[in-house]
Amino acid sequence: MSTQKQKYPLGFWACSTTEIFERFSYYLGRSILLVFVATAVAQGGLGLSDGVAANMQSNLTAFSYGLPIVCAIVCDRLIGARYTTPVGMVLCGIGYWLGSMATDSTMMYAMIWCISIGLAFYKTGPLIGRIVPREQLNAAYSIRYGLVNIGACAGPFLVGILYQDVFAKGEVLGFRPCFKVAAVLMFLGAIWFAVGSRFMGDAGKKPFKKEKTAEELAQEAEMKAKNKEAKKIPYTVLEKKRIAAIVLVSAFAIIFWIFWYLAYLPVYYHWGENANWVVAGYNVPLTWFDASNALFCVLVGTFVTPKLWNYLQNRPKGDISIYKKCALGIGTLGVGYLFFALLDVMRGDGQISCLWLLIFSLLITFGEMFFSPLGNAFIAKYAPSRIYSTMQSVWGLAIFFAAKGYGYLYNGLFAGSLKFTTGCFIVAVVSAVAVVLLIVLDKPLSALVEKKEEK
């Protein structure tokens with residue numbers, strides 16, 4: 001087994017640290033939106049209902065992950081991702097600035113669309129797949145995920161302090177300056193990326209379909225040798241199989257993400273009432289649960305999982321498949337819901353300490369680390385270059401469907417007549433079924449990406 005310490009290209013670090021700016025702004029804006037829209041006008045908000053606020057936040061999440069599949073066509077066929085990324089960041093900055101001036105729901109939706117379109121052109125994730133060598137991708141995407149969550153942790157953690165203490169003036173809370181902070185961070189991030197792009201070599205200068213891998217160039221040369229008159233190279237059988245594999249993995253990602261997003265609602269609503277949120281005399285804000293997950297992602301993604309992926313890859317019998325890793329991710333999430341049920345039994349008619357929820361946060365973090373960054377690495381390895389960015393966006397499309405659906409699922413499982421523990425058991429059972437399917441189908445699904453074409 002190789003023990004040589006891996007070094008990553010400077011371009012990888014430039015892309016990954018840019019994520020800190022973007023995620024800080026995104027989670028700051030996403031968190032403040034929910035409070036700003038529903039707060040009374042006299043206190044600096046828009047004075048709309050909780051339902052309107054929740055709908056706006058859901059749409060921001062959904063379209064931020066849904067629109068990239070449309071804009072991916074631009075990066076695949078027309079303009080390199082190195083150029084679309086800073087433009088997208090500037091568009092996001094403009095969107096957050098619009099939020100700081102919003103006086104009604106129309107301006108808020110203008111903000112949502114501007115941010116969503118900007119993120120659709122933001123392609124640091126696909127760029128990493130072309131900067132980092134193939135054998136380093138699993139570990140690289142895990143490290144990137146850890147850095148992403150520095151911003152995701154700082155955003156919801158600091159925003160409560162900013163609007164309640166730093167920017168508040170009397171009874172008027174400081175929501176609007178918070179949106180401006182998010183905007184400025186996006187503008188600075190665009191500058192940071194532009195400077196860092198000098199270390200990315202040729203990656204992203206051309207559309208992805210013109211940046212073919214060595215494997216693709218060899219296949220193309222072979223096909224042209226067989227048919228010299230062919231003007232357009234069709235997808236090979238292996239490429240079609242790999243596209244199918246990516247779509248199948250993304251389908252299981254919908255199951256994972258809908259349960260992952262669902263997990264936050266019981267924290268805010270069920271455990272908001274049935275847990276004691278006072279620790280050492282301090283009333284802990286609910287938004288700090290979001291921050292705890294992101295903090296665990298930073299620690300686990302940066303220091304734990306990269307070593308695990310390197311160990312698995314270099315062991316004598318080789319790595320385990322993406323499907324088994326996804327099974328571990330979904331299974332860990334299911335165990336988290338069983339822990340939720342256990343906590344509810346433990347509390348009886350009383351309350352539990354909110355510190356117990358940190359264990360649940362850690363469980364969903366491990367599930368997330370087995371699932372999310374490895375999906376990006378899998379696509380970076382196997383997606384055909386001509387639709388590379390599009391395939392990366394298919395992975396995000398799973399989050400779009402999850403974001404549009406987890407509210408309805410919550411109403412059915414936890415806001416209706418079912419007991420809280422019953423809802424948790426249902427999620428755990430569905431997770432277990434998905435795990436069994438992934439394990440049973442592991443060999444045939446793995447053959448889609450690794451099996452060589454017959455001549």
| Members of segment 61-116 that are outside any helix (DSSP H, G or I) and more than 22 Å from Trp192 (Cβ to Cβ) | Leu67, Leu78, Ala102, Thr103, Asp104
| message | Against the definition (farther than 23 Å from Tyr337 by Cβ and either over 18 Å from the mean Cα position of the chain (by Cα) or acidic (Asp, Glu) (or both)), how does Ser385 come out, yes or no? | response | yes
| note | The lone condition Trp97 fails out of (1) modelled with pLDDT under 90; (2) open to solvent by 10 Å² or more (accessible area, probe 1.4 Å); (3) more than 16 Å from Tyr122 (Cβ to Cβ) is (1)
| List pairs: first in segment 304-325 and closer than 27 Å to Ala432 by Cβ, second open to solvent by 50 Å² or more (accessible area, probe 1.4 Å), Cβ under 6 Å, 6+ apart or cross-chain? | Leu312/Asp319; Asp319/Gln313
| task | Return yes or no: is Leu418 part of a helix (DSSP H, G or I) and among the hydrophobic types (A, V, I, L, M, F, W, C)? | result | no
| task | State whether one or more residues within segment 197-220 are modelled with pLDDT of 90 or more, in a helix (DSSP H, G or I), under 20 Å from Gln392 (Cβ atoms) and within 26 Å of the chain's Cα centre (by Cα). | result | yes
| field | Among the candidates Ile143, Ile191, residue that is surrounded by fewer than 17 Cβ atoms within 10 Å (Cβ to Cβ), assigned to a helix (DSSP H, G or I) and under 25 Å from the mean Cα position of the chain (by Cα) | value | Ile191
| query | Would you say Lys443 is at pLDDT below 90, assigned to a helix (DSSP H, G or I), of a type in the set (D, E, K, R) and open to solvent by 20 Å² or more (accessible area, probe 1.4 Å)? | reply | yes
| remark: Residue hits (segment 1-34; of a type in the set (A, V, I, L, M, F, W, C) and either more than 27 Å from Leu265 (Cβ to Cβ) or open to solvent by less than 50 Å² (accessible area, probe 1.4 Å) (or both)) are Met1, Leu10, Phe12, Trp13, Ala14, Cys15, Ile20, Phe21, Phe24, Leu28, Ile32, Leu33
| request: Just name the residue that is nearest to Ser393 (Cα to Cα) out of those in segment 92-117 that are within 20 Å of the chain's Cα centre (by Cα) and among the hydrophobic types (A, V, I, L, M, F, W, C). | output: Ile117
| message | For segment 331-376: of the residues being among the acidic types (Asp, Glu) and in a helix (DSSP H, G or I), which is surrounded by the fewest Cβ atoms within 10 Å (Cβ to Cβ)? | response | Asp344
| said: Out of the residues in segment 59-76 meeting the condition of being closer than 17 Å to Ala110 by Cβ and of a type in the set (Gly, Ala, Ser), tell me which one is surrounded by the most Cβ atoms within 10 Å (Cβ to Cβ). | reply: Ser64
| said: Can you report the number of residues in segment 364-420 which are over 30 Å from Gly204 (Cβ atoms) and basic (Lys, Arg)? | reply: 2
| message | Take the residues in segment 295-319 that are closer than 20 Å to Val449 by Cα and touching a helix residue (DSSP H, G or I) at 6+ places or on another chain (Cβ under 6 Å); name whichever of them is most open to solvent (accessible area, probe 1.4 Å). | response | Asp319
| query | Do we find a residue being among the acidic types (Asp, Glu), part of a helix (DSSP H, G or I) and surrounded by 23 or more Cβ atoms within 10 Å (Cβ to Cβ) anywhere in segment 39-58? | reply | no
| field | So Val148, is it part of a helix (DSSP H, G or I), β-branched (Val, Ile, Thr) and touching a Ser or Thr at 6+ places or on another chain (Cβ under 8 Å) | value | yes
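The values are calculated or read from the model by the stated rules, or taken from the named source; none is laboratory data. Bear in mind that the values here come from a model prediction, so they are computed numbers and not experimental data. Cβ sites come from the backbone with ideal geometry, for glycine too, and all protein chains shown count toward neighbours. Note: areas computed on protein heavy atoms with side chains; ligands, DNA, RNA excluded. Shrake-Rupley method; radii C 1.70, N 1.55, O 1.52, S 1.80 Å.
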